[in-house]
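Reading through the structure tokens given below for one structure.
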Amino acid sequence: MTDHTLFYLHQAAADPTRTLTLRARFSADWERRVNALKRVVLKSVVEMDCFGLNPPSKRVFVQAELTPTQPRQFAYQWSAQKVEEFMKWLQDMESKGLLEIVEKP
């Protein structure tokens, strides 16, 4: 057997479905999307104070594909309102950042 044949036999034994590259790409892309969502949630909750927990101060706004909240955006009187509106925003960011609809012919 040639070295070329041995290489492919070894590859087939290690990855019989031959999807290792596909799975690695998916995993890396998913990790990137989750990290982007984490960053925008952290920015919105901590830096932008979307729940209005910190006293008002000067803030810097950053434009991005995933848009952070506005300062005090969810500073409602009742906690249920805060959570409900935040979850709507989070679902929107999740659909933009993690889920992607691709139309192919």
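The values are calculated or read from the model by the stated rules, or taken from the named source; none is laboratory data. Just so it is clear, the structure is predicted and the values come from calculations on it, not from any experiment. All Cβ positions, even for glycine, are placed from backbone atoms using ideal geometry, and neighbour counts span all protein chains on display.
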Flagged pairs (Cβ under 8 angstrom, 6 or more apart or on separate chains; first in the range 64-83, at positive phi and surrounded by 15 or more Cβ atoms within 10 Å (Cβ to Cβ); second at pLDDT 80 or above and of a type outside the set (S, T, N, Q)) are R72/D49; R72/C50; R72/F51; R72/G52
How many residues does the range 30-54 contain that are of a type outside the set (A, V, I, L, M, F, W, C) and in contact with an Asp or Glu (Cβ under 9 Å, 6 or more places away or on another chain)? 1
If I go through the range 1-36 residue by residue, how many of them are at pLDDT 85 or above and among the hydrophobic types (A, V, I, L, M, F, W, C)? 7
Would you pick out the residues in the range 37-63 that are at pLDDT 65 or above and either at positive phi or among the charged types (D, E, K, R) (or both)? K38, R39, K43, E47, D49, G52
Looking at the range 79-105 only, could you name the residues that are at pLDDT below 80 and not charged (D, E, K, R)? S95, G97, L98, L99, I101, V102, P105
